[in-house]
Amino acid sequence: MKITAVEAQPLNIPIEIDVLGLDKSMSLSMCFVAVHTDEGISGYGFTAITEEEVIAAIVDTVAGPA
């Protein structure tokens, strides 16, 4: 089995919280990564690092091709 593709998608998800009169806005930053093989098996994961665009670029240009 060989890896045929690695794809990274940066995500920034806005969150609005309103609990007991406390109104807060923030966002979750993450990078969704998909790994595909020549046997049709795929794996998926998320990073928990806040610089999602930087991580996606590293996955796409360094880790994926390696």
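The values are calculated or read from the model by the stated rules, or taken from the named source; none is laboratory data. Keep in mind it's a predicted model, so treat the numbers as computed, not measured. Cβ: placed from backbone, ideal geometry, glycine included. Neighbour counts: every protein chain shown. With ligands, DNA and RNA removed, areas are computed over all heavy atoms of the protein, side chains included. Shrake-Rupley method; radii C 1.70, N 1.55, O 1.52, S 1.80 Å.
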For this session: Could you please tell me which pairs satisfy a Cβ distance under 8 Å, a separation of 6+ or placement on different chains, a first residue in region 11-24 that is under 24 Å from Thr47 (Cα atoms), and a second residue that is exposed (fewer than 10 other Cβ atoms within 10 Å of the Cβ) and of a type in the set (Lys, Arg)?
Result: Glu16/Lys24; Ile17/Lys24
Exercise. What residue, among those in region 20-66 that are open to solvent by less than 80 Å² (accessible area, probe 1.4 Å), modelled with pLDDT of 85 or more and more than 14 Å from the chain's Cα centre (by Cα), is nearest to Lys2 (Cα to Cα)?
Worked result: Thr37
Exercise. Does any residue of region 52-61 turn out to be of a type in the set (Gly, Ala, Ser) and not in a helix (DSSP H, G or I)?
Worked result: no
